[in-house]
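Taking it in order: structure first as structure tokens, then the write-up.
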Amino acid sequence: MEPYRAERDPQEVAWIRGAQRGDREAFGHLVERYQKRVFSQVFRLVRRREEVEDLAQEVLVKAFRAIRSYDFRSSFGTWLARVAVNHCYDFLRRERAQPATFSVSPGDRDAAQPTALVDKLEAPGQDPERQAVLRDLVGKLLERAPADDRVILVLKEMEGLSVEEIGEILELRPGTVKVRLFRARKRMLENWRSLRQER
Amino acid sequence: MRCEDARTILVEVEGGERSAALREHVAVCPACRAYANDLEGLRIGFRALAAQSVPEPSWGFAARLVRRLDVEEWSRGADFLEQVGRRVVYAAGLLTLLLLLALVLPASGPLRGPTASELYWAQPDTATLANYSILPDETLESRELNSPAPNSSGAKGKP
Ligand SMILES: [Zn+2]
């Protein structure tokens, strides 16, 4: 993943200024440059492959409509990440308000249940296998986590951003980010441990 | 070190930066060791999740997006024209209505209440209707027979 605080590229500045004047072709160049990053962020936040392209498109349309508000204080990547995070956050909240739906296909639903994953984890196995089980388990726990926890954990643990960068995206002070991150991690760990006790 | 404090530090601090006191506690406390192991498991899981393949934009994604923006801009322009057009139609309709009203109503005032004489001439009708209801039934019947409705042929209803 590219660094968030890249040097200001004059070409990029020209595209941004063009897009701010309503030049859609100039915005197209920005899309080409940032589309992969937006797809990655959207997928990690939402974890639904079939929804990613539509959501990424909505994020970028929103970004084009709001681009006049971009004031060059943060990097364009950070600003765009803010638009993506806010959009995905709303999507997750809306989804949470509806009856629970799982993204797994009916066939592997049982195998993908977190309790089944905890069982697998207890069984002796090779390291790569254990890693795959841990990955699926964390994925499931993430899907069940509140939207706030999910967003902050994805930005820190998967996007690898610093507390300061997360603060810029979420418009929070670094201290607040730290506190929220601590609580989110703790809640996730407790959910995992309570799953084990449930069995 | 209390277990609670040890766990707080474990969650707070990234791996590898543990103090001697913490390491000592984890070494002798099985519960906190299990806690630390779980936390490490979470980290491994997150790392593996981050390494997972991510869906890529399909070919021509950016071009399609620009086209969508073009279409939206165009339809927004069309909406604007439609709104302006609709307003022009409303305004013309309203103007026509006002003109018609001005022609139909007398010049002295657009709307008048009934005058005293109009009220006077309206009274006998009301009185007749009121009388009907207090007349005995047979009187009413004979009246109806004697004076058929103007639009009936006269033969209808008779033997
Ligand atoms: Zn302990």
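Looking for something without any contact (Cβ under 8 Å) to a residue 60 or more places away in the chain, more than 16 Å from the ligand (Cβ to nearest atom) and closer than 30 Å to A:Q57 by Cα - is there at least one such residue anywhere in region B:93-101?
Within region B:93-101, none of the residues are without any contact (Cβ under 8 Å) to a residue 60 or more places away in the chain, more than 16 Å from the ligand (Cβ to nearest atom) and closer than 30 Å to A:Q57 by Cα.
Look through region B:29-54, keep the residues that are in a loop (DSSP other than H, G, I, E, B) and more than 13 Å from the ligand (Cβ to nearest atom), and return whichever of them is surrounded by the fewest Cβ atoms within 10 Å (Cβ to Cβ).
The selected residue is B:S53.
What is the residue count in region B:12-28 for residues that are of a type in the set (D, E, K, R) and within 15 Å of the ligand (Cβ to nearest atom)?
Count: 3.
Quick one: A:A26 ticks every box in (1) in contact with a Phe, Trp or Tyr (Cβ under 7 Å, 6 or more places away or on another chain); (2) away from chain B (no Cβ under 11 Å) bar one, so which box is it?
A:A26 satisfies every listed condition except (2).
Please pick out the residue among A:V52, A:V59 that is more than 23 Å from A:V13 (Cα to Cα), assigned to a helix (DSSP H, G or I) and within 11 Å of chain B (Cβ to nearest Cβ).
A:V52
Looking at (1) part of a helix (DSSP H, G or I); (2) away from chain B (no Cβ under 14 Å), which one does A:R44 not meet, given that it meets all the others?
(2)
State which residue is surrounded by the most Cβ atoms within 10 Å (Cβ to Cβ) when the search covers only region A:166-182 and only residues that are free of Cβ contacts under 8 Å to residues at least 60 places away in the same chain and under 18 Å from the mean Cα position of the chain (by Cα).
This residue is A:I166.
Let's see how each residue does on (1) basic (K, R); (2) in a loop (DSSP other than H, G, I, E, B); (3) within 16 Å of the ligand (Cβ to nearest atom); (4) loosely packed, with under 10 Cβ neighbours inside 10 Å:
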{"position": "B:E4", "(1), (2), (3), (4)": "no, no, yes, yes"}
{"position": "B:L10", "(1), (2), (3), (4)": "no, no, yes, no"}
{"position": "B:D70", "(1), (2), (3), (4)": "no, no, no, no"}
{"position": "B:D79", "(1), (2), (3), (4)": "no, no, no, no"}
{"position": "B:Y90", "(1), (2), (3), (4)": "no, no, no, no"}
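May I ask you to list the residues in region B:15-66 that are within 17 Å of A:E190 (Cα to Cα), of a type outside the set (D, E, K, R) and touching a helix residue (DSSP H, G or I) at 6+ places or on another chain (Cβ under 7 Å)?
If the condition is that a residue be within 17 Å of A:E190 (Cα to Cα), of a type outside the set (D, E, K, R) and touching a helix residue (DSSP H, G or I) at 6+ places or on another chain (Cβ under 7 Å), then B:A31, B:C32, B:Y35, B:A36, B:L39, B:G41, B:L42, B:I44, B:G45, B:F46 are the ones that fit.
What is the number of the single condition among (1) in a helix (DSSP H, G or I); (2) in contact (Cβ under 8 Å) with a residue 12 or more places away in the chain that A:S74 does not meet?
(1)
Any read-out appearing in this document is the output of simple, stated calculations on the displayed coordinates, not a laboratory observation. This structure is a prediction, so every number in the text was calculated from the model and none was measured. Cβ coordinates were reconstructed from backbone atoms using ideal geometry, including for glycine residues, and neighbour counts include every protein chain displayed.
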